[in-house]
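In what follows, a single structure is set out as structure tokens and then discussed.
The values are calculated or read from the model by the stated rules, or taken from the named source; none is laboratory data. These numbers come from a predicted model, not from an experiment. Note: ideal-geometry Cβ built from the backbone for every residue, glycine included; neighbour counts use all protein chains shown. The protein model used for the area step is the full one, side chains on, heavy atoms only, and it has no ligands, DNA or RNA in it. Shrake-Rupley method; radii C 1.70, N 1.55, O 1.52, S 1.80 Å.
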Amino acid sequence: MGYVDEVLAKVKEKNASEPEFLQAVEEVLDSLRPVIDANEELYRKNAILERITEPDRQIMFRVPWVDDKGQVQVNRGYRVQFNNAIGPYKGGLRLHPSVNLGIIKFLGFEQIFKNSLTTLPIGGGKGGSDFDPKGKSDREIMAFCQSFMTELSKYIGADVDVPAGDIGTGAREIGFMFGQYKRIRGSFEGVLTGKGLTYGGSLARTQATGYGLLYLTNALLKDHDIDIAGKTCAVSGSGNVAIYAIEKAHHLGAKVVTCSDSTGWIYDPEGIDVELLKEVKEVKRARLTEYAAARPSAEYHAKQNGEHGVWQYKVDLALPCATQNELDLEDAKMLVANGVTSVTEGANMPTTLEATKYLQANGVLFVGGKAANAGGVATSALEMSQNSERLSWTFEEVDGKLKGIMETIYANISDAAKRYGVEGDYVAGANIAGFEKVANAMIAQGVC
Ligand code: NDP
Ligand code: 2IT
């Protein structure tokens with residue numbers, strides 16, 4: 001058995017109850033075969049694959065808090081510090097009832113390669129809780145965030161581990177967590193990113209993941225002599241990533257006709273009204289039914305089981321921006337039948353392995369989340385730089401750097417795919433480019 005297959009078998013045996021983590025590891029290791037084959041002795045001797053698939057540590061803790069009725073509630077908190085070979089652990093905090101250790105591990109594992117691709121000095125980590133922020137009052141959110149940070153504060157720091165937002169964690173939650181960290185540790189430092197602008201946040205961080213996704217998509221299309229202007233797009237989700245992806249798609253002259261949340265989706269053939277969507281989601285924290293009620297051109301469809309949702313429409317560009325495994329093989333077949341040009345992932349691992357293979361086999365330009373959504377964490381790293389030098393840069397400066405980083409990422413993943421004989425396979429290109437830097441750093445630092 002080759003080295004990759006040996007390690008894959010061991011990882012499957014050790015982590016049998018974590019399907020999302022196994023899916024992420026399988027995708028990465030499978031596509032690293034050309035690099036591993038070319039340097040098998042070196043990587044095997046240094047146990048690089050065994051080490052890169054085993055977190056440095058995984059922290060799990062109780063999060064007790066009091067609800068508005070005076071009842072004590074208990075959630076479980078997580079922080080998985082996966083790999084700090086090239087910089088402090090860096091990655092978001094997900095607050096969603098579906099969160100478990102396997103999901104945090106898959107996200108932390110992906111973050112290693114994504115963060116390496118940004119070209120900035122950040123390692124991989126992820127955290128979160130099975131807490132459900134939906135329907136909670138601001139006081140309940142604060143009570144949870146303070147309790148969560150009371151424990152988490154023991155393990156993080158500006159040069160150690162720097163968490164940020166993800167599903168369910170936005171500026172409000174980061175603010176409450178930052179306040180509690182400061183109170184416990186007595187230190188005003190860049191320990192979290194995605195902070196408010198009055199206390200160390202970076203301009204353009206809010207927009208960064210969605211904008212970055214479109215900068216990368218545009219670079220991909222340009223390289224294939226395709227003009228993004230005039231193209232029709234399907235976006236899923238209606239959270240932070242989706243909203244700013246839609247906004248930037250419109251800036252670039254494309255038209256987004258769909259968005260969704262966990263209860264249903266919108267089809268709006270005149271193009272999504274981003275200002276209205278922001279009002280419904282960012283200000284009122286309401287359902288998409290409110291968007292449809294205020295917009296005569298929009299259809300609202302409640303989600304049932306098994307339908308194709310936003311992937312059933314005839315579009316040129318598909319941009320999944322909600323959650324993992326939201327685009328399956330049947331959806332991929334529908335997109336291909338409708339002549340889709342590209343699928344670029346705003347979310348983390350939104351496309352199943354089978355769907356990814358089908359899209360690639362049918363000539364669809366496909367870029368996975370590790371490359372396509374890296375703009376968020378890249379701008380978090382720019383926030384860390386600004387905090388370190390105690391300065392803040394203008395929106396144009398940060399946005400300009402973000403655009404440059406996304407174009408560099410596209411060039412690097414395209415080049416890595418070519419170097420290893422898999423031209424046009426941007427999944428392999430991203431995994432290879434991300435891996436090489438981390439593996440070299442691990443070898444240089446000895447057995448640790
Ligand atoms: P938000 O919480 O702002 O939005 C998430 C969106 O996805 C909401 O519309 C939500 O609907 C929907 N959604 C979440 N879970 C499910 C589910 N199980 N089924 C159906 N719909 C769901 O999160 P973000 O926009 O920040 O994150 C979206 C994705 O992008 C995630 O995969 C995240 O890991 C990834 N990402 C985020 C980055 C960031 O900077 N924020 C950076 C890189 C990647 P509802 O409101 O009904 O729950
Ligand atoms: O998945 C991700 O890259 C994020 N949620 C952003 C992480 C960060 O540290 O900004």
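Restricting segment 369-416 to residues that are outside any helix (DSSP H, G or I) and not charged (D, E, K, R), which is nearest to ligand 2 (Cβ to nearest atom)?
Looking only at segment 369-416, we keep the residues that are outside any helix (DSSP H, G or I), and these are 373, 390-394.
Of the ones still in play, those that are also not charged (D, E, K, R) are 373, 391-394.
Working: 373: 6, 391: 20, 392: 17, 393: 17, 394: 20 Å.
So the residue we want is 373.
So which of 190, 128 is within 12 Å of ligand 2 (Cβ to nearest atom) and assigned to a strand (DSSP E or B)? Spell out the reasoning first.
Working: 190 fails: assigned to a strand (DSSP E or B).
Only one candidate passes the filter, namely 128.
Between a residue in segment 295-309 that is exposed (fewer than 12 other Cβ atoms within 10 Å of the Cβ) and any residue that is at pLDDT 95 or above and part of a strand (DSSP E or B), which pairs come within a Cβ distance under 6 Å, given they are 6 or more apart or on different chains?
Matching pairs, first to second residue: 302/264.
Mind checking which residues of segment 312-343 are within 16 Å of ligand 2 (Cβ to nearest atom), open to solvent by less than 40 Å² (accessible area, probe 1.4 Å) and over 12 Å from residue 235 (Cβ atoms)?
Passing the criteria: only 324.
Could you grab me the full set of residues in segment 328-368 that are of a type in the set (Gly, Ala, Ser), in a loop (DSSP other than H, G, I, E, B) and out of contact with any strand residue (DSSP E or B) (no Cβ under 7 Å at 6 or more places or on another chain)? It would help to see each step written out before you state the result.
Initial filter on segment 328-368 (of a type in the set (Gly, Ala, Ser)): 332, 337, 339, 342, 346-347, 355, 361, 363, 368.
Pick out the ones that are also in a loop (DSSP other than H, G, I, E, B) and you get 339, 346-347, 363, 368.
Residues satisfying the conditions are 339, 347, 363, 368.
Test each condition in (1) in contact with a Ser or Thr (Cβ under 8 Å, 6 or more places away or on another chain); (2) part of a strand (DSSP E or B); (3) among the aliphatic types (A, V, I, L, M) for residue 99 and report the one that comes out false.
(2)
Test of understanding: among 434, 429, which residue is under 18 Å from residue 381 (Cβ atoms) and either part of a helix (DSSP H, G or I) or at pLDDT below 95 (or both)? Outline the logic, then answer.
On the way: 429 fails: under 18 Å from residue 381 (Cβ atoms).
Residue meeting the stated conditions: 434.
Checking the conditions here, which among 261, 225 is open to solvent by 50 Å² or more (accessible area, probe 1.4 Å) and charged (D, E, K, R)?
Details: 261 fails: open to solvent by 50 Å² or more (accessible area, probe 1.4 Å).
None of the other options fit; the residue is 225.
State which residue pairs qualify: first residue more than 10 Å from residue 402 (Cα to Cα) and acidic (Asp, Glu) and inside segment 365-389, second residue open to solvent by less than 10 Å² (accessible area, probe 1.4 Å) and within 9 Å of ligand 2 (Cβ to nearest atom) in any location, beta carbons under 6 Å apart, and separation of 6 or more residues or different chains.
So the pair list comes out as 383/193.
Exactly one of these conditions fails for residue 184: (1) of a type in the set (A, V, I, L, M); (2) away from ligand 1 (no atom under 16 Å from the Cβ); (3) open to solvent by 40 Å² or more (accessible area, probe 1.4 Å); (4) touching a residue at least 40 places away in the same chain (Cβ under 8 Å). Give me its number.
It is condition (4) that residue 184 fails.
Consider only pairs whose beta carbons are under 9 Å apart and that are at least six residues apart or on different chains; among these, list those whose first residue lies in segment 345-362 and is under 19 Å from residue 375 (Cβ atoms) and whose second residue is surrounded by fewer than 24 Cβ atoms within 10 Å (Cβ to Cβ) and hydroxyl-bearing (Ser, Thr, Tyr).
Qualifying pairs under 9 Å: 347/323; 348/323; 349/323; 350/323.
Can you tell me which residue is nearest to ligand 1 (Cβ to nearest atom) among those in segment 350-385 that are touching an Asp or Glu at 6+ places or on another chain (Cβ under 7 Å), small (Gly, Ala, Ser) and under 17 Å from residue 212 (Cβ atoms)?
So, considering only residues that are touching an Asp or Glu at 6+ places or on another chain (Cβ under 7 Å), small (Gly, Ala, Ser) and under 17 Å from residue 212 (Cβ atoms), the one nearest to ligand 1 (Cβ to nearest atom) is 369.
Given the criterion closer than 19 Å to residue 222 by Cα and either more than 16 Å from ligand 1 (Cβ to nearest atom) or modelled with pLDDT under 95 (or both), identify the matching residue among 408, 394. First the steps, then the outcome.
Details: 394 fails: closer than 19 Å to residue 222 by Cα.
The match here is 408.
Quick one: in segment 52-96, of everything that is hydroxyl-bearing (Ser, Thr, Tyr) and part of a strand (DSSP E or B), which residue is surrounded by the fewest Cβ atoms within 10 Å (Cβ to Cβ)? Outline the logic, then answer.
Residues of segment 52-96 that are hydroxyl-bearing (Ser, Thr, Tyr), as a first pass: 53, 78, 89.
From the residues that got through so far, the ones that are part of a strand (DSSP E or B) too are 78, 89.
Values: 78: 24, 89: 29.
The selected residue is 78.
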